[in-house]
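Note sheet for the following structure.
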Amino acid sequence: MMSKFLKNRELLLVAAIAVLLALITLRFPAFVAPSNLARVYNDTSILIILALGQMAVILTRCIDLSMAANLALSGMVAAMLNAAFPGLPIPLVILVAMALGTLLGMINGALVWKLDIPPIVVTLGTLTIYRGMIFLLSDGKWINAHQMSDAFKALPRDALLGFPVLSWLSLLMIGLVFLLMSRTALGRAFYAVGGNPHAAVYTGIDVGRTRFFAYCLSGALAGLSGYLWVSRYAVAYVDIAAGFELDIIAACVIGGISIAGGIGTVAGAVLGALFLGVIKNALPVINISPFAQMAISGMVIIIAVAVNARAERRKGRVILRKAEAV
């Protein structure tokens, strides 16, 4: 029973979050109040949505370093559109942001697929391009709260059944991505391509096309997050979410999504994001300095990578060592 528990990454994460909350309670008991935990989840909702998109890409043995830049560009376009046409329906603004995000994801996917450029090189390049495009579009100017319509700013903050719409949207995305991964041929193809690309080809799966669709998904979720970010914080500028791509990747790694591809679950990505969310919300409350927060977050990531690497160690290496001994 204990061995099964130790091998289950999701249960381990749940236990780690519970222990973390218990330790925080010793210093600040009000942190575990249901209303505060709901706020922590709401604060982590955008990270959860982005981690779901990054998970799909990592499963195919790729990576998307441009997600935060995609978010920033999509969010800036959504804010500029609202500022220029305040009467435009908000669902249409969201669709434009998601369409732009998907297009940016398609560019990443096409470069990886058709030109066979390493994903880390492609997305590092597009990260810079997308950030530059924000500056060119906005001329380096900010769009502030007074330039945004009330409806534009209200959606993420509005409550439905006592829960913010932002939280409901993250739950909806979790459900949709779970169905995609577990009930569709595309979701199974993500795992197949990451697990063994050569074997996937023999089963009729187009590896390049599958990776292209993974980038489309990450782009669409980044576009949605772009609108949610600028509307929630009521500001849009060039450096929105600068460096946030590291948090997105960290959430996936902590959640057991293998950088080598083919291993990971939706639950793991969500729990990894929540683990980071609890840390980022709790450390300031218990008077931990920002520099110490960075160090703690970095240590958590390194430990998670080490645990993943140990869990994924191939038995074939052990057989080889035995053969050499003989």
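The values are calculated or read from the model by the stated rules, or taken from the named source; none is laboratory data. This is a predicted model, so every value here is computed, not measured. We place every Cβ from the backbone using ideal geometry, glycine too, and count neighbours over all the protein chains shown. Heads up: the accessible areas ignore ligands, DNA and RNA and are worked out on the full protein's heavy atoms, side chains in. Shrake-Rupley method; radii C 1.70, N 1.55, O 1.52, S 1.80 Å.
Here is a yes/no grid of residues against (1) out of contact with any strand residue (DSSP E or B) (no Cβ under 9 Å at 6 or more places or on another chain); (2) within 26 Å of L246 (Cβ to Cβ); (3) of a type outside the set (S, T, Y):
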| site | (1), (2), (3) |
| --- | --- |
| L13 | yes, yes, yes |
| A16 | yes, yes, yes |
| F31 | yes, yes, yes |
| P34 | yes, no, yes |
| S45 | no, yes, no |
| I48 | yes, yes, yes |
Condition met for P89 (open to solvent by 40 Å² or more (accessible area, probe 1.4 Å) and under 22 Å from the mean Cα position of the chain (by Cα)): no
Conditions (1) open to solvent by 10 Å² or more (accessible area, probe 1.4 Å); (2) under 26 Å from I117 (Cβ atoms); (3) assigned to a helix (DSSP H, G or I); number of the one not met by R232: (2)
Residue match in the range 52-63 (condition: open to solvent by 30 Å² or more (accessible area, probe 1.4 Å), over 25 Å from L276 (Cα atoms) and of a type outside the set (A, V, I, L, M)): no
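Just one of N308, N287 is in contact with a Gly (Cβ under 8 Å, 6 or more places away or on another chain) and modelled with pLDDT of 60 or more; which is it?
Just one listed residue meets the conditions, N308.
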Those residues of the range 115-139 which are of a type in the set (A, V, I, L, M, F, W, C) and open to solvent by less than 80 Å² (accessible area, probe 1.4 Å), in sequence order: I117, V122, L127, M133, I134
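Being surrounded by fewer than 16 Cβ atoms within 10 Å (Cβ to Cβ) and under 24 Å from V253 (Cβ atoms) is the filter; apply it to the range 1-11 and report the residue that is modelled with the highest pLDDT.
From the range 1-11, those surrounded by fewer than 16 Cβ atoms within 10 Å (Cβ to Cβ) are 1-8, 11; that's our starting set.
Applying the additional criterion that residues be under 24 Å from V253 (Cβ atoms) yields 3-8, 11.
Numbers: S3: 54, K4: 55, F5: 51, L6: 49, K7: 61, N8: 71, L11: 85.
By that ranking, first place goes to L11.
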Pair list, Cβ under 6 Å, 6 or more apart: the range 141-168 residue within 16 Å of R39 (Cβ to Cβ), other residue assigned to a loop (DSSP other than H, G, I, E, B) and of a type in the set (A, V, I, L, M): V165/L155
Helices (runs of 4 or more DSSP H) (entirely within the range 1-120) containing at least 1 residues that are over 30 Å from L136 (Cα atoms) and in contact with a Ser or Thr (Cβ under 9 Å, 6 or more places away or on another chain): 9-27, 34-59
Odd one out for V32, checked against (1) buried (at least 21 other Cβ atoms within 10 Å of the Cβ); (2) within 27 Å of L160 (Cα to Cα): (1)
